[in-house]
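Here's the structure, in structure tokens; my notes come after.
The values are calculated or read from the model by the stated rules, or taken from the named source; none is laboratory data. If you're wondering where the values come from, they're calculated on a predicted model, not measured in any experiment. No Cβ is skipped: glycine too gets one built from the backbone with ideal geometry, and neighbour counts run over all protein chains shown. Note: areas computed on protein heavy atoms with side chains; ligands, DNA, RNA excluded. Shrake-Rupley method; radii C 1.70, N 1.55, O 1.52, S 1.80 Å.
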Amino acid sequence: MDTIRIGHGYDVHALAAGLRLRLGGVDIAHGKGCVAHSDGDVLVHALCDALLGAAALGDIGKHFPDSDPAYKGIDSLVLLREVTALLARHGYSIGNVDTTLILQRPKVGPFVGAMREALAGAMGIDLECVSVKATTTEHLGFTGREEGVAAHAVALIYRR
């Protein structure tokens, strides 16, 4: 019998002028970027947490602490590949993932295809198993005021 598990992840980063904005493994030209120890990719961080949570393996901070200089500026897709490998060592495969970015600007619709491809490639799964969506908060809260960006992710994993 298959073991099927789900996990949820959430991440937030502040935005500041002059920093690089990387979301879903894709660089996006914008006047603000995420303040972070790594590349600040909130979508990938939420996805890592969803995958780790589904396997009850802790969270991204446990495996890649921001106090470790080895992760300074690291491409978060590297972390996602490591999380995927960790799941495989525990006998899990990824079924599908569903993610949502929450930000007022920039509009990320034109980048969703590239994000899906980057995430699918990092996890070694079919493109059709990766969903990326985005929404605004209609100018409400810290995301609406463009002070930060947030992301949610849900992942289904299985073991045969």
Q | Residue count, the range 1-13 (criterion: in a loop (DSSP other than H, G, I, E, B) and either touching a residue at least 12 places away in the same chain (Cβ under 8 Å) or touching an Asp or Glu at 6+ places or on another chain (Cβ under 6 Å) (or both)) | A | 1
Q.
Can you find, within the range 14-34, the residue that is nearest to residue 45 (Cα to Cα) among those that are in contact (Cβ under 8 Å) with a residue 60 or more places away in the chain and part of a strand (DSSP E or B)?
A. 23
Q. Where residues in the range 64-92 are modelled with pLDDT under 95 and not in a loop (DSSP other than H, G, I, E, B), which of them is most open to solvent (accessible area, probe 1.4 Å)?
A. 69
**Q.** Looking only at the range 35-63, and only at residues there that are of a type in the set (Asp, Glu) and in a loop (DSSP other than H, G, I, E, B), the one that is surrounded by the fewest Cβ atoms within 10 Å (Cβ to Cβ)
**A.** 59
Q: Just need a number here: residues in the range 140-153 that are touching a residue at least 60 places away in the same chain (Cβ under 8 Å) and either hydroxyl-bearing (Ser, Thr, Tyr) or assigned to a loop (DSSP other than H, G, I, E, B) (or both).
A: 2
Q. If the Cβ limit is 8 Å and pairs must be 6+ apart or interchain, which residue in the range 110-139 that is in contact (Cβ under 8 Å) with a residue 12 or more places away in the chain and farther than 17 Å from residue 151 by Cα pairs with which residue that is open to solvent by 60 Å² or more (accessible area, probe 1.4 Å) and among the hydroxyl-bearing types (Ser, Thr, Tyr)?
A. none
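Per-residue answers, yes or no, for (1) surrounded by 15 or more Cβ atoms within 10 Å (Cβ to Cβ); (2) assigned to a helix (DSSP H, G or I):
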residue	(1), (2)
95	yes, no
101	yes, no
113	no, yes
118	yes, yes
155	yes, no
Q: Please state which of the following conditions residue 106 fails to meet, knowing it meets all the rest: (1) out of contact with any His (no Cβ under 6 Å at 6 or more places or on another chain); (2) touching a residue at least 40 places away in the same chain (Cβ under 8 Å).
A: (1)
Q | Criterion (touching a strand residue (DSSP E or B) at 6+ places or on another chain (Cβ under 6 Å) and either within 26 Å of residue 6 (Cβ to Cβ) or free of Cβ contacts under 8 Å to residues at least 60 places away in the same chain (or both)) met by exactly one of 56, 46, 70, 85 | A | 46
Q. Is it the case that residue 138 is open to solvent by 70 Å² or more (accessible area, probe 1.4 Å) and more than 12 Å from the chain's Cα centre (by Cα)?
A. yes
